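The values are calculated or read from the model by the stated rules, or taken from the named source; none is laboratory data. Note that the coordinates shown come from a computational prediction; the quantities given were computed from them, not determined experimentally. No Cβ is skipped: glycine too gets one built from the backbone with ideal geometry, and neighbour counts run over all protein chains shown. All accessible areas refer to the heavy atoms of the entire protein, side chains included, with ligands and DNA or RNA removed. Shrake-Rupley method; radii C 1.70, N 1.55, O 1.52, S 1.80 Å.
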Amino acid sequence: MAVTEPPERPTQRDIARRAGVSTATVSYVLSGRRGGAKPPPEETRQRVMRAVAEVGYQVDHAGRSLRRRRSDLVALMYPAPSSPWSDRLAEQMQEAAAERGLGVVALPMSDSAAGEALLRVLRERYVDGAVLLPDCPVDPDEIAVLARQGLSLVVFDDDLDPDGFDVVRQDRGRACREAVEHLVAAGHRRIAYLGHPGEDRWRSARSVKLRSYRQVLQQHGIGAAPDLVLPVADSRPDAYAAVRELLRRAEPPTAVVSATDRAAIDAVWAARDHGTAVPGGLAVTGIGNIPEGLVIKPSLTTVGAREFDFSAQVARLFERLDAAAPLPGEVMAARWELIVRESA
């Protein structure tokens, strides 16, 4: 039986001939890039795209990446589950990447085992750069190695020093301690904590929220009762059920600190449904400053950055990617604050 040779793949030269333009123009249009050289007129771009459809051209992304030694992808690494803040950062990264013809991949890290698998994406250069949010279990020494290997990195961390990558300082520990101090100053002594599952086993830099809670109680001679620390902050139904159970106890807490705003909001709902006034019967403080905290009644006292914006950090990542030579590491400030509202 005769073997049929596969048809030859159409090339950019075929597109250029069909559209009546240069191959440079075809390359510019297909790259999706904006900025730099003056873009061709819209009519020319449309003519090129019609020719692409007519000849059935497909971009060979793998081959192009090998030739250019670039993947044209950047990553966002964040602790699962996602939050409104990580969603906002992803959105701003996508907007900036689209302007450059790049793509964004999300890398949610649920535990150290999953994190080890996801780190291959960075180690093996499936992406050209990445933003790492707090609480991702990545060894600091590995971050420095990745940067030396040419990966563009912006890392949210209060302890790391920039070493070929940029560090975003949020001063989370100070702000979290202020939240607990605020409750103690108001007379609360039985303060519950809604934490992340496994937070007790995290290395100290990741357990800053739980550590801050315990430090303030210890400083004021208040015992941190183990039965008031509940690993429910990542699940809204679990948080709601846990607070309902706390309020049924013979000695219920008079205040709650939650490692996430979403669980804090469920604590407010649980108190309301139990018939406990907030903040009169139960003061509630969250961590994160998500927009939902402003519209709930009573509005949520919280800890976090005041601006729901990562444009400076995103711009720095792409500045690194576009630089002709490696840039020195810088420290960027995005301080968290205690934001006192009605719930506490």
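Helices (runs of 4 or more DSSP H) fully within region 241-340 that include at least 3 residues being within 30 Å of residue 97 (Cα to Cα): 311-322.
May I ask you to verify whether residue 86 is surrounded by 15 or more Cβ atoms within 10 Å (Cβ to Cβ) and free of Cβ contacts under 8 Å to residues at least 60 places away in the same chain?
Values: surrounded by 15 or more Cβ atoms within 10 Å (Cβ to Cβ): yes; free of Cβ contacts under 8 Å to residues at least 60 places away in the same chain: yes.
Criteria met by residue 86.
Are any residues in region 149-178 closer than 24 Å to residue 100 by Cα and open to solvent by 50 Å² or more (accessible area, probe 1.4 Å), and if so, which ones? Correct list: 149 only. If the condition is being without any contact (Cβ under 8 Å) to a residue 40 or more places away in the chain and among the acidic types (Asp, Glu), then region 135-160 contributes 139, 141, 142. Of the residues 272, 262, the single one that is more than 22 Å from residue 187 (Cα to Cα) and either touching a His at 6+ places or on another chain (Cβ under 7 Å) or among the basic types (Lys, Arg) (or both) is 262. Within region 233-259, the set of residues being under 23 Å from residue 338 (Cα atoms) and open to solvent by 20 Å² or more (accessible area, probe 1.4 Å) comprises 234, 236, 254.
Applying a threshold of 9 Å to beta carbon distances and a minimum spacing of six or more residues, or different chains, the list of pairs starting in region 322-334 at a residue that is under 10 Å from residue 167 (Cα atoms) and open to solvent by 50 Å² or more (accessible area, probe 1.4 Å) and ending at one that is of a type in the set (Lys, Arg) and not in a loop (DSSP other than H, G, I, E, B) reads 330/316; 331/169; 333/169.
Would you say residue 224 is open to solvent by 40 Å² or more (accessible area, probe 1.4 Å), assigned to a loop (DSSP other than H, G, I, E, B) and in contact with a helix residue (DSSP H, G or I) (Cβ under 9 Å, 6 or more places away or on another chain)? So residue 224 fits the description; yes.
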